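Report on one structure; see the data block that follows.
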């Protein structure tokens with residue numbers, strides 16, 4: 001870019017040849033009326049330029065789908081560059097060819113046959129707004145020197161930085177590189193513990209050959225294009241704060257930090273506000289999909305400042321999974337903290353889905369099925385109740401080690417990393433009855449008391465260990481029933497949080513980005529995308545109402561048989577109890593409120609008094 005006569009076309013052609021990419025001269029795309037106006041000695045106005053600039057922007061977008069291009073254009077105003085940058089801001093690099101009025105006037109007078117005369121040069125200098133972020137070149141330099149400078153600036157800086165090379169961080173690096181992004185990777189150096197992690201990782205994977213590897217923070221940050229985009233893939237908690245403090249001295253105004261870990265949404269809000277005072281953008285981002293998802297395409301849930309998100313949008317959307325319509329399973333969720341809130345709820349729903357499958361397997365075992373037969377049963381359910389977790393559970397039951405199934409050799413103690421705890425706490429704080437999530441969480445806690453369970457088992461023998469009087473179809477319908485209740489509770493928690501925090505979350509969009517890439521992807525989730533276009537409460541949807549009513553008898557039968565035969569199914573049972581509770585028009589809470597008034601004078605309201613007045617009784 002630059003005023004007419006600064007040498008844009010000459011340098012642009014040479015640069016395109018050097019980089020082996022297409023070249024386009026913006027002047028060739030002026031409509032005839034613009035050329036006629038300039039040829040008659042009249043300067044173009046903003047209205048004249050609008051269509052021309054939009055045409056060049058469309059050209060750039062088309063070329064970016066291949067390997068890019070060089071476009072020369074005067075682009076004198078910031079507003080013009082804004083139009084040219086539409087939807088490609090993070091993929092464009094500006095080169096400003098700068099020279100004096102007299103220097104350029106002399107060049108214009110020397111060229112022949114061009115519609116732009118030197119008389120119009122002053123009008124260009126009058127409106128020129130020099131870009132703040134660009135590669136600025138003195139046109140006094142030789143073309144060879146100019147090309148060398150531009151190549152060094154463009155080719156040696158990375159578009160995106162990844163800080164932290166754990167399992168997820170490594171997979172995301174490979175994902176970014178496989179999608180053509182030039183990245184910089186950082187992992188700390190700890191003598192004798194973590195040495196040359198980034199360099200060794202780069203050497204192991206050919207797709208990373210164009211990437212940069214660092215264990216020095218300053219060099220890592222300086223290797224990135226500005227505004228810098230750095231994704232943090234480190235452990236949640238204080239580690240994130242330590243990393244931010246380590247990075248701050250090296251960052252510049254408007255740089256962007258993306259927290260892709262399982263951080264607590266409240267801490268994300270605090271970090272957002274803190275970094276705002278430093279003029280640094282912070283994007284709290286949920287990422288789901290595990291190691292494989294991070295490599296092949298995860299579900300991504302970013303939140304924070306919308307303008308900052310637009311700068312990282314092409315990267316995140318490109319590396320994300322794609323839904324059945326080819327759309328990225330990544331969308332701007334809402335204000336700060338909301339992205340990691342919904343990832344937290346995602347994990348809560350995940351806890352329940354895993355617990356339900358574990359309970360189903362226990363029931364099928366009671367029915368006499370060995371692991372291969374359990375896998376066959378689960379396989380047969382894919383047509384009507386498929387999900388990623390159903391698929392992997394099927395594979396788990398098929399896996400053998402020697403002559404025995406591996407699942408039978410695994411210690412029955414289930415761990416957790418904290419997000420289930422946070423979901424239960426958030427439910428309590430918001431007053432939302434996420435009873436299945438807490439049931440699944442507490443089931444993991446019970447499992448951890450292995451020694452006590454063995455001890456108590458000796459004193460409390462099973463009173464009935466006979467085969468349950470149910471069919472595998474009964475179990476399937478009970479499972480489907482419980483999953484609907486689980487998803488109702490999860491999205492209810494998101495909806496209530498959205499209302500209380502004024503996040504204005506779109507449940508249909510959230511369900512859509514959870515249809516692929518993430519751990520809880522399923523055919524049910526695909527159905528919910530359409531359901532949430534008309535309601536925020538899935539239990540008001542006629543189709544789901546009919547399904548719940550259809551499956552409830554099987555749920556009652558399966559749960560009753562499990563109780564009679566001492567089969568532990570807390571999540572399945574809670575799904576039924578919750579539905580009974582949420583559909584009871586007049587509940588037993590009147591007794592509890594009377595008790596509260598009796599011992600604490602907490603008052604109560606009366607059914608026969610519609611004024612809302614509080615009443616108190618001397619119960620003695």
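The values are calculated or read from the model by the stated rules, or taken from the named source; none is laboratory data. Note that the coordinates shown come from a computational prediction; the quantities given were computed from them, not determined experimentally. A quick note on method: Cβ atoms are made from the backbone with ideal geometry, for glycine too, and the neighbour counts reach across all protein chains shown.
If I filter the range 225-238 down to residues being surrounded by 14 or more Cβ atoms within 10 Å (Cβ to Cβ) and either modelled with pLDDT of 90 or more or not assigned by TED's automatic domain parsing to the domain that holds residue 300 (or both), which single residue comes out as farthest from the chain's Cα centre (by Cα)?
Among those that are surrounded by 14 or more Cβ atoms within 10 Å (Cβ to Cβ) and either modelled with pLDDT of 90 or more or not assigned by TED's automatic domain parsing to the domain that holds residue 300 (or both), it is 228.
Answer yes if at least one residue in the range 44-64 is in contact (Cβ under 8 Å) with a residue 40 or more places away in the chain, surrounded by 14 or more Cβ atoms within 10 Å (Cβ to Cβ), in contact with a strand residue (DSSP E or B) (Cβ under 7 Å, 6 or more places away or on another chain) and not in a loop (DSSP other than H, G, I, E, B), and no otherwise.
Looking through the range 44-64, none of the residues is in contact (Cβ under 8 Å) with a residue 40 or more places away in the chain, surrounded by 14 or more Cβ atoms within 10 Å (Cβ to Cβ), in contact with a strand residue (DSSP E or B) (Cβ under 7 Å, 6 or more places away or on another chain) and not in a loop (DSSP other than H, G, I, E, B).
Being assigned to a loop (DSSP other than H, G, I, E, B) and touching a residue at least 40 places away in the same chain (Cβ under 8 Å) is the filter; apply it to the range 89-99 and report the residue that is nearest to residue 145 (Cα to Cα).
99
Of everything in the range 399-437, what is touching a strand residue (DSSP E or B) at 6+ places or on another chain (Cβ under 8 Å) and in a helix (DSSP H, G or I)? Give them in sequence order.
Answer for the range 399-437, where residues must be touching a strand residue (DSSP E or B) at 6+ places or on another chain (Cβ under 8 Å) and in a helix (DSSP H, G or I): 406, 409.
Would you check if residue 312 is under 14 Å from the mean Cα position of the chain (by Cα), part of a helix (DSSP H, G or I) and farther than 20 Å from residue 497 by Cβ?
yes
Residues to consider are 461, 467; find the one that is free of Cβ contacts under 8 Å to residues at least 40 places away in the same chain and assigned to a loop (DSSP other than H, G, I, E, B).
Result: 461 is the single residue among 461, 467 that is free of Cβ contacts under 8 Å to residues at least 40 places away in the same chain and assigned to a loop (DSSP other than H, G, I, E, B).
Tell me, which residue of the range 179-196 that is under 26 Å from the mean Cα position of the chain (by Cα) and farther than 18 Å from residue 312 by Cβ is surrounded by the most Cβ atoms within 10 Å (Cβ to Cβ)?
Checked the range 179-196; the qualifying residue surrounded by the most Cβ atoms within 10 Å (Cβ to Cβ) is 187.
Residues are listed down the side, and each one gets a yes or a no for (1) assigned by TED's automatic domain parsing to the domain that holds residue 380; (2) under 32 Å from the mean Cα position of the chain (by Cα); (3) at pLDDT 95 or above:
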position	(1), (2), (3)
405	yes, no, yes
415	yes, yes, no
420	yes, yes, no
428	yes, yes, yes
432	yes, yes, yes
438	yes, yes, yes
455	yes, no, no
461	yes, no, no
466	yes, no, no
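What residue, of 67, 89, is within 29 Å of residue 255 (Cβ to Cβ), surrounded by 14 or more Cβ atoms within 10 Å (Cβ to Cβ) and modelled with pLDDT under 90?
89
Going through 289, 339, 293 one at a time, which residue ends up being within 11 Å of the chain's Cα centre (by Cα), more than 20 Å from residue 505 (Cβ to Cβ) and in contact (Cβ under 8 Å) with a residue 12 or more places away in the chain?
One residue alone meets the criteria, 289.
Quick one: which of 37, 8 is over 37 Å from the mean Cα position of the chain (by Cα) and without any contact (Cβ under 8 Å) to a residue 24 or more places away in the chain?
37
Here is a yes/no grid of residues against (1) modelled with pLDDT of 95 or more; (2) part of a helix (DSSP H, G or I); (3) under 25 Å from the mean Cα position of the chain (by Cα); (4) surrounded by 24 or more Cβ atoms within 10 Å (Cβ to Cβ):
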site: 332; (1), (2), (3), (4): yes, no, yes, no
site: 348; (1), (2), (3), (4): yes, yes, yes, yes
site: 355; (1), (2), (3), (4): yes, yes, yes, yes
site: 358; (1), (2), (3), (4): yes, yes, no, no
site: 362; (1), (2), (3), (4): yes, yes, no, no
site: 365; (1), (2), (3), (4): yes, yes, no, no
site: 392; (1), (2), (3), (4): yes, yes, yes, no
site: 396; (1), (2), (3), (4): yes, yes, no, no
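Which is touching a strand residue (DSSP E or B) at 6+ places or on another chain (Cβ under 8 Å) and farther than 30 Å from residue 201 by Cβ, of 183, 104, 139?
Result of the check over 183, 104, 139: 139.
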